Amino acid sequence: MNMILLEPSEVDSQNYARLPDRRAGHIHDVLKAKKGDENRIGIVDGPKGVGRIEEIGEGQVVLRCVFEKRVPKRPAVDLLLALPRPKVMKRLWAQLAALGVGRIILTNAEKVERVYFDTHILKPETYRPLLIEGLQQAQDTRLPEVSIHKRLKVLVEDQLDDLC
């Protein structure tokens, strides 16, 4: 993890963030950080910044957050991809975010099986944490936009101009 990403709801009005999850474990066990150390942080779809450790324990870290004024722009790279097998797609989410893709457009193609569109890998609650993992590695905060289209012809003829 090269940057700790926070959800907007995790930062309180005094700019403190309390991390009781695997991010706290990473700061404690991997980074071997101690009180007063600073870490790169960011808010999902928001600004980057620095978090100074105010409290640290094995199960929790409290950060005092200072954020930049500007929010980074969404990457200008759009990816139109025929939906791969679900197992492969699961591995791709983090890599696509780390590469700086701003928009991921998944669609059907001749060799794509229809059942691939029914997989849990295409549900936001499944792929969002994987995208965030990739953003943390790339030190970026802008979550790629994801759209899923079951019909390639309709996408190309009617919707692609509006998406891109």
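Cβ-Cβ distance of LYS87 and ARG40, R₀ of 25 Å, FRET efficiency by 1/(1 + (r/R0)^6): the value works out to about 0.20. Taking a Cβ cut-off of under 9 Å around ILE121, the surrounding Lys, Arg, Asp and Glu residues balance to a net charge of +3, with basic ones at +1 and acidic ones at -1.
For LYS123, a cut-off of 21 angstrom between C-alpha atoms picks up these lysines, skipping any fewer than 8 places away in its own chain: LYS87, LYS90, LYS150. Overall, the accessible surface of the chain at a probe of 1.4 angstrom is composed of carbon and sulfur to the extent of 50 percent.
Given axes a ≥ b ≥ c from the Cα gyration tensor, I'd like to know whether the range 14-84 is rounded (a/c under 1.5), prolate (a/b larger than b/c) or oblate. Verdict is oblate for the range 14-84. Could you tell me which of rounded, prolate or oblate describes the range 70-130, using a ≥ b ≥ c as the square roots of the eigenvalues of the alpha-carbon gyration tensor, with rounded for a/c under 1.5 and, failing that, prolate when a/b is larger than b/c and oblate otherwise? Since a/c reaches 1.5 and a/b is larger than b/c, the shape of the range 70-130 is classed as prolate.
Pairs of Cα atoms nearer than 8 Å and 6+ residues apart set the relative contact order; for the range 10-59 it is 33 percent.
Between the helical axis of 124-138 and the longest alpha-carbon principal axis of the chain there is an angle of about 60 degrees. Considering only alpha-carbon pairs that sit under 8 angstrom and 6 or more positions apart, the relative contact order computed for the range 77-164 is 37 percent.
Between LYS111 and THR126, the simple label model (points 7 Å from Cα in the Cβ direction) yields a spacing of 2.2 nm.
Taking other residues whose beta carbon is less than 14 angstrom from the beta carbon of ALA98, and scoring Lys, Arg as +1 and Asp, Glu as -1, yields 0.
Divide the volume of the convex hull around the Cα atoms of the chain by the residue count and you get 117 Å³ per residue. Stretching the chain fully between ASP118 and GLU68 yields a gain of 14.0 nm (0.36 nm per residue, less the alpha carbon separation). By the Stokes-Einstein formula, at 0.692 mPa s and 37 °C, the range 10-53 with its Kirkwood radius over alpha-carbon pairs has D equal to 292 µm²/s.
Helix 86-99 axis versus longest C-alpha principal axis of the chain: approximately 60°, rounded to the nearest ten. The magnitude of the dipole of the range 1-66, with charges of +1 and -1 set on the Cβ of Lys/Arg and Asp/Glu and taken from the Cα centre, is near 240 debye.
The values are calculated or read from the model by the stated rules, or taken from the named source; none is laboratory data. Every value quoted in this text rests on a predicted model; they were computed, and no experiment measured them. Cβ: placed from backbone, ideal geometry, glycine included. Neighbour counts: every protein chain shown. When the accessible area is computed, the model is the full protein with side chains, heavy atoms only, and any ligands, DNA or RNA have been set aside. Shrake-Rupley method; radii C 1.70, N 1.55, O 1.52, S 1.80 Å.
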